[in-house]
Amino acid sequence: MARKKNQPAVDTEKQKSQSVDWERLLAGFGGGRTFIEYDANRNIFWQGDPADSVFYLRKGRVKIAVTSHQGKEAIVAHLDAGEFFGEGCLAGHPWCSTGGLPHV
């Protein structure tokens, strides 16, 4: 069926009603998970660390940033509870291309 002009490719109302309960899904995993609580301004991982973990933010906020060779930081994203980060390891990336830092 062809799409009409100016019609979205995805039915956003239907998509909203099918949200995933990540807390419930993750609770069903038997092993391979660790719960860690970080204080504000303590690095979770550094740019250049081995990419071997996926993180799920249960509460709080995280700043994702990159640092240039000259030492200048650029913020890539601010994440809130319910979001994932570090998923580059699932795509085969051997190193973290960013750093993650909890913040208030």
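The numbers here are math on the coordinates, done by the rules we state, and not lab data. Bear in mind the structure is a predicted one, so any value in this text is a computation, not a measurement. A quick note on method: Cβ atoms are made from the backbone with ideal geometry, for glycine too, and the neighbour counts reach across all protein chains shown.
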Starting from 0.36 nm per residue, how many nanometres of slack lie between Tyr38 and Cys89 once their C-alpha separation is accounted for? 16.3 nm
For the residue pair Arg58 and Ala77, what label-to-label distance in nm results when each label sits 7 Å from Cα along the Cα-to-beta-carbon direction? 2.1 nm
